[in-house]
Amino acid sequence: MVTEKLMLIFPPNIVKKPVVYRIVKDFDLEFNILRAEITSDLEGKMLLEIKGSKERINECKSYLVKEGVELEEAAKGIILDKDKCVNCGICISLCLGKAFYLKDNYEVNFDQNKCILCGLCLNCCPVKAIKSKI
Amino acid sequence: MTKTIDEINEKIKSGKVVVLTAEEIISYVEENGIKKTASDIDVVTTATFSPMCSSGAFINFGHSDPPIKMSKVWLNDVPAYAGIAAVDAYIGATELSETEGMNYGGAYVIEDLIAGKNIKLRATAYGTDCYPRKEINTYINKDTINQAYLFNPRNVYQNYSVATNSSPKTIYTYMGKLLPHFGNATYSSAGQLSPMLNDPYYRTIGIGTKIFLGGTVGFVAWQGTQHNPETERLPNGVPVGGAGTLALIGDLKQMSTKFIKAATFTGYGITMFVGVGIPIPVIDSEMVEYLKVKDEDIYATVYDYSVQRRNKPSYGRVSYKELRSGKITIHKREVPTGSISSYLKAREIAHILKDQIKNGTFTLTQPVANLPTEGTVKALDIVSEEEL
């Protein structure tokens, strides 16, 4: 069993298709919707955490791509540039997933696995050390 | 047991000085008691690395040929104040670029100068018989200019507020991004490492005190603006809000971008992280009483920054121990906390200063005058001339 975080992007033409339903029905995967939104370009965006066998997850990804869903590796959505970071810690108070945290030596660290891509941190860093790839 | 600055400096010169950081002294006092600590330890190093908006630099550009009496000056499109003589200017940290807005400004010019980068200088003038030139466009860097020194009117605040937001919308402040409905709270002081919290009554820090500023030697020039020593204090001398402040001066050309860092708070503007370290001589047992201060003894007041007034409603006091735990309680709600100053960097500075004192490259100074221990901050009222 593995857990993966995936950002699904639905182009306007397939927004109405019940694609996510098939994740359970056909691939027997457990999922948790961390975030879902319709962007101003009328695209659908959904952040999913899926759990299941590696094989089934890969089959599911192929199905999603075939249906026209774009997939992004959400695990690397937010990046903390350690060279720029001054280790203040303002981001920690804004992080819903508790992905930003202070190590015992007061160094700011970022745990990709805990990030739910809420984006609240994006405009908080005074030295622009937090970047988004999504 | 009392010690003079001269005696401590003799120990520094002979390599016998014993130095601890303001963090290390806490456990030393717990294990050895006040008297023994006062006898064993000679110096305690304190530090902070925090955004300090009231900062800036004086620059003398040198004279062009034909010369110009600059009346308006821009450095990389950031206006600098030039109403001082002919080729002197003051660039303030919070000044915004006229072309890039909040993405670039005075603090970035200062950081770029320290980094040795070339800066575009533009100036205009009305022209005089002795200064005929009316405009100049050229480039400078820290090697082409005469003097460049940081002169920060208000740094090293002795404690500060904790900021939160009760309103239904996100607000953007100099204390950072504050989420709605008490979504988070931010604070700024270095707490137990903070210089002025370790010498709450300014017994050793005074005008003329030699300090670590931005990676090089600096000095306390004066009490800072808004110096407010009469702020309410706890029995241990710690003020419960912003109290004393320092005006600092130091050679920009010798500074390092490791300890001076430009910053932008979205929606608020530009500020500058300033790294400051201040050595505190352990002159007597009373000094140890102050130096043993720890985060759980230091309290700050939580204010609601969504209230756009001079006096904001308060939600009581919290300790730095609570603030550093990552959450505080406001109205029975758990509120995540974040610091806008870097404790890691403050600790690094305290250790650098400790090493410099131990290896004899940094000696201590006696203040040439004391900081005021009385006085409050006045407000600006809107009045007619007759009412004044």
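Points to keep in mind about this one:
- Integer Hz, Karplus 6.51/-1.76/1.60 couplings in order for segment B:177-185, x for Gly and Pro: 7, 10, 6, x, 6, 6, x, 6, 9
- Its Cα centre serving as origin, segment B:62-145 has a Cβ charge dipole (Lys and Arg +1, Asp and Glu -1) of approximately 180 debye.
- Across segment A:2-75, the relative contact order, built from alpha-carbon pairs under 8 Å that are at least six residues apart, equals 48 percent.
- Virtual spin-label span in nm between residue A:73 and residue B:118, 7 Å along Cα→Cβ: 4.0 nm
- Estimated dipole of the protein assembly as shown in Debye, rounded to 20 [Cβ of Lys and Arg +1, of Asp and Glu -1, Cα centre]: 1020 debye
- Positive-end residue of B:262, B:126, B:375, charge dipole of chain B with Cβ unit charges: B:262
- Number of Lys-Lys pairs in segment B:1-94 with C-alpha atoms under 17 Å apart and a separation of 8 or more places or on different chains: 6.
- Taking each residue as 0.36 nm, the span from residue B:376 to residue B:232 lengthens on full extension beyond its C-alpha to C-alpha distance by 50.8 nm.
- Ordering B:357, B:287, B:175 by the projection of their Cα atoms onto the charge dipole of chain B, which places +1 on the Cβ of Lys and Arg and -1 on the Cβ of Asp and Glu, puts B:175 at the extreme positive end.
- Note on segment A:78-132: dipole from Cβ charges, positive end direction compared against A:93, A:119, A:79; the farthest Cα belongs to A:119.
- Here the contact order of segment B:62-145, divided by its residue count and restricted to Cα pairs under 8 Å and six or more residues apart, works out to 32 percent.
- 222 nm mean residue ellipticity, helices alone, for chain A (DSSP H n ≥ 4; -39,500 (n - 2.57); rounded to 500): -4500 deg cm²/dmol
- Length-normalised contact order for chain B - Cα pairs under 8 Å, 6+ apart - percent: 24 percent
- Axis of helix B:24-40 versus longest Cα principal axis of chain B: the two differ by about 80°, to the nearest ten degrees.
- Cβ charges +1 (Lys, Arg) and -1 (Asp, Glu), total dipole of segment B:1-144, debye: 380 debye
- Note on residue B:130 and residue A:128: the model spin-label points, each 7 Å out from Cα along the C-beta direction, lie 4.3 nm apart.
- Only helices enter this figure: runs of n ≥ 4 DSSP H residues, each worth -39500 (n - 2.57), summed and divided by the residues of chain B, yield -5000 deg cm²/dmol at 222 nm to the nearest 500.
- Between 0 and 90°, nearest 10: helix A:54-66 axis offset from chain A longest Cα axis: 70 degrees
- Acute angle (nearest 10 degrees) that the helix B:343-358 long axis makes with the longest principal axis of chain B, alpha-carbon atoms: 80 degrees
- Peptide packing: for B:184-196, B:204-216, B:233-245, the average count of neighbouring Cβ atoms within 10 Å per residue gives the ranking B:184-196, B:204-216, B:233-245, highest mean first.
Any read-out appearing in this document is the output of simple, stated calculations on the displayed coordinates, not a laboratory observation. What you see is a predicted model; the values in this text were computed from it and never measured. Methodologically, a virtual Cβ is constructed for each residue, glycine included, from the backbone with ideal geometry; neighbour enumeration extends over all protein chains shown.
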